Amino acid sequence: MNYDSDVIIVGSGPAGAAAALQLAEKTKPLVLDVGITAAHKTSDQSYLTETLGTELQGLSHITGQYLSPKLRSPLFRYVTGHWRELSPIRSQNFRGELSLAMGGFANAWGSGLYEFDDEDLRGFPIQQADLQPYYKRLTEHIGISGGDKLFGDSIVSDGSLLPAVPLSGPSKNLYQRSRYPRASVSLERKGIHIGRQRLGILTRPHRGRPQYVFDGQDFFRPSKESIYHPGYTIRELQQCNKIDFKAGLLVKRFEESAEGIAVHAVELETGAEEVFWTRALLIGAGAINTARIVLQSFQEYAAKLPLLENPVSFIPFVELSALGSPLDRSSFTGAQLAVIFDGPQHRDRVQGSFYNLSGVLQSDFFLDFPLSTRANRYCLTNILGAMGVLQLFYSDAPGTAGYLSLAPDGTLNVHCEQRRYGAVEKILIKSFRALGFWSLPFLVRYGEPGGSFHYAGTLPMSRHETMKGLATDPMGRLQRSRMVFAIDASTFPLLPAKNLSLTIMANAMRIAAKLVL
């Protein structure tokens, strides 16, 4: 049999890029992807075009569905471009987004990169020790700036991390006050831990990529080389001739036979079908689209697969002593602090990211003040420099809140319920008040269903055959197949609150490393 490649990888996001990085040591994989990229160079754009867009797309949240500031930014629209027509979803309550971009959602992520410890992996058929060699290699490959050791990370002390990103504004003040002896004891007693984020941001040059420049434009200018996304790994492997990469292809299904695996894709420019043959297929198209490919391949229209996502809440805080201060734009405009809650008031650990508001537009908050235009503008000018937002992520497990199925026309039917908690938010509001940061429970906002963009669990790993063979074994192999593997978060049987990107990558490398051709 003439194979196009011994191994085909579907997707160029965290899973696909990490698998390609590992496989390139022993073979030359073929990576198939839609691979949408940014349409313009940021240096060619005016400030108005970068921030609001030629058609005022940056103000779309005023009349349309809420999007995070980064995804709403005109030059970042490519990250979620065209998925509705190419990967259609039918749902009454799903308000999420998918990405078909080269590098996936990581083009617009918050850059937090953490290991899962054994508590996070509770319910997985693997342990942290199974992932540790790949965490270490990824830390060296990506260039990760150091954060505080809050989560049992073993690589913090071995010298592989870059210097931490400097803190600024309300984040700096919150961090310093949390370190006062009395405050530290009080927070620890309540199960609250505050520390610096561990970020995929270069605080010094690393492997040919430049050091991060603090310009306040992270939410508006894509493809900053100092902020990692998996597309850089794909391009590097291409340049070294270690992979073949074909963009503009939407993989629809596969067929496995004694001869090998036929991968069916649509060439988007012409609409023609192309078929690629391989010995092994690794699917890393994201938890939702990987499930779509599997269901379509087996023509499974009755099966309901679990869909996990991290429920999210947002707590705005005002540092009263800083009212009237100008916005501090001297550091990273994304999340600078990690906040962990592991008290008894919630069953699982809750993870949060604390943001300054130095990277957003005043228009993002303009309508939140019930005053005149002039008064609203005055309030924003004097309050934004003193504001921060704590975004909380909750864990998820299979249940009735989230599932999906495939319709015969290829559309996914998705059910995803909004979940609101509240107890942890109240504890954090009260505890932060003692540090000079004020908020009230009625100001808390809860993310819409699917709005975390953290999806997982559709093809969960299990040591036992389950879900009529639509689950995966501990090596990510589909139980119905011989050489078809899921390598992304679709294999996670549970979804911890911690950022999942680094573990997606480490697990994909683990699966690729054990692949026997």
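The values are calculated or read from the model by the stated rules, or taken from the named source; none is laboratory data. A quick note: this is a predicted structure, and the numbers were derived from the prediction, not measured. A quick note on method: Cβ atoms are made from the backbone with ideal geometry, for glycine too, and the neighbour counts reach across all protein chains shown.
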Has the stretch 121-131 got any residue that is under 23 Å from Y232 (Cβ atoms) and either surrounded by fewer than 18 Cβ atoms within 10 Å (Cβ to Cβ) or at pLDDT 95 or above (or both)? yes
Restricting attention to the stretch 18-41, which residues are assigned to a loop (DSSP other than H, G, I, E, B) and either of a type in the set (F, W, Y) or crowded, with 23+ Cβ neighbours inside 10 Å (or both)? P29, D33, V34
Given (1) outside any helix (DSSP H, G or I); (2) surrounded by fewer than 20 Cβ atoms within 10 Å (Cβ to Cβ); (3) hydrophobic (A, V, I, L, M, F, W, C), where does V185 come up short, assuming only one miss? (1)
Among the residues of the stretch 434-444, is any in contact with a Phe, Trp or Tyr (Cβ under 8 Å, 6 or more places away or on another chain), surrounded by fewer than 24 Cβ atoms within 10 Å (Cβ to Cβ) and assigned to a loop (DSSP other than H, G, I, E, B)? yes
Please go through the stretch 195-205 and give me each residue that is surrounded by 15 or more Cβ atoms within 10 Å (Cβ to Cβ) and either modelled with pLDDT of 95 or more or assigned to a loop (DSSP other than H, G, I, E, B) (or both), ordered by number. Q197, R198, G200, L202, T203
Could you tell me whether Y403 is modelled with pLDDT of 95 or more and surrounded by 21 or more Cβ atoms within 10 Å (Cβ to Cβ)? no
Would a scan of the stretch 287-308 turn up a residue that is closer than 23 Å to E425 by Cα and surrounded by 24 or more Cβ atoms within 10 Å (Cβ to Cβ)? yes
Answer yes or no as to whether R221 is over 24 Å from M483 (Cα atoms), at pLDDT 95 or above and either part of a strand (DSSP E or B) or within 21 Å of the chain's Cα centre (by Cα) (or both). no
Could you go through the stretch 460-470 and let me know if any residue there is outside any strand (DSSP E or B), among the charged types (D, E, K, R) and without any contact (Cβ under 8 Å) to a residue 40 or more places away in the chain. yes
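Conditions (1) in contact (Cβ under 8 Å) with a residue 40 or more places away in the chain; (2) closer than 19 Å to L307 by Cα, marked per residue:
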residue	(1), (2)
A101	yes, no
G112	yes, no
E115	yes, no
D118	no, no
F124	yes, yes
Y135	yes, no
T139	no, no
Evaluate the following for E256: is it within 29 Å of V34 (Cβ to Cβ), part of a loop (DSSP other than H, G, I, E, B) and more than 27 Å from the chain's Cα centre (by Cα)? no
Does the stretch 483-498 hold any residues that are of a type in the set (S, T, Y) and assigned to a loop (DSSP other than H, G, I, E, B), and which are they? none
I want to confirm something. Restricting to the stretch 227-248 and keeping residues that are crowded, with 20+ Cβ neighbours inside 10 Å and of a type outside the set (A, V, I, L, M, F, W, C), which single residue is farthest from F332 (Cα to Cα)? T233
If you go through the stretch 309-344 one residue at a time, how many are over 20 Å from the mean Cα position of the chain (by Cα) and part of a loop (DSSP other than H, G, I, E, B)? 12
Quick check on the stretch 459-467. Is at least one of its residues buried (at least 24 other Cβ atoms within 10 Å of the Cβ) and acidic (D, E)? no
Quick one: is A285 small (G, A, S), touching a strand residue (DSSP E or B) at 6+ places or on another chain (Cβ under 7 Å) and either over 30 Å from R209 (Cα atoms) or part of a helix (DSSP H, G or I) (or both)? no
Filtering the stretch 418-433 down to residues that are touching a residue at least 12 places away in the same chain (Cβ under 8 Å) and either part of a helix (DSSP H, G or I) or surrounded by 14 or more Cβ atoms within 10 Å (Cβ to Cβ) (or both) yields Q418, R419, Y421, A423, V424, E425, K426, I427, L428, I429, S431, F432
Restricting the first residue to the stretch 439-455 and requiring it to be touching a residue at least 40 places away in the same chain (Cβ under 8 Å), which pairs with a second residue that is crowded, with 21+ Cβ neighbours inside 10 Å and of a type in the set (F, W, Y) meet a Cβ separation below 6 Å and a spacing of at least six or different chains? S439/F317; P449/F94; G450/F94; F453/F105
